[in-house]
Amino acid sequence: RGYFVQVGAFSQAANAERLRQRLAMNYPDVSVEELGAGDQRFYRVRMGSFETRAQARQRAIQSARLGLPIVVVRE
């Protein structure tokens, strides 16, 4: 499936959606993914997918300028 740039993880869907909307103004590939952990739900905001780690890293560098914590993940 490739590489993704994760820019946030939230316990509230609304917070994840706000960040997605902010990033979507500049990046067309931003999404929110819901995850379950026991009886809790988490919402992670990601960009991608990218074919190579280098492509994901380039996006991460661009996004880090917005002051966001950035993690490159592979799936």
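The values are calculated or read from the model by the stated rules, or taken from the named source; none is laboratory data. Bear in mind that the values here come from a model prediction, so they are computed numbers and not experimental data. With ideal geometry, Cβ positions are generated from the backbone for all residues, glycine too; neighbour counts draw on all protein chains shown. Note: areas computed on protein heavy atoms with side chains; ligands, DNA, RNA excluded. Shrake-Rupley method; radii C 1.70, N 1.55, O 1.52, S 1.80 Å.
Below are the figures for this structure:
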{"read-out": "Per residue, in Å², the accessible surface of the chain once ligands and nucleic acids are set aside, probe 1.4 Å", "value": "64 Å²"}
{"read-out": "Nearest-20 debye value, the chain charge dipole, Cβ charges on Lys, Arg, Asp, Glu", "value": "280 debye"}
{"read-out": "Estimated [θ] at 222 nm from DSSP helical runs (n ≥ 4, -39500 (n - 2.57)) normalised by residues in the chain, nearest 500", "value": "-10000 deg cm²/dmol"}
{"read-out": "Interchain or long-range residues, amide H under 5 Å from Gly2's placed H", "value": "Glu75"}
{"read-out": "Residue (of Phe10, Thr52, Gly36) at the positive-pole extreme of the chain, dipole from beta-carbon charges", "value": "Thr52"}
{"read-out": "Between helix 13-24 and the chain: long-axis angle, C-alpha atoms, 0 to 90°, nearest 10", "value": "20 degrees"}
{"read-out": "Coil-residue trypsin sites (Lys or Arg not before Pro) of the chain, DSSP, other Cβ within 10 Å capped at 10", "value": "Arg1, Arg65"}
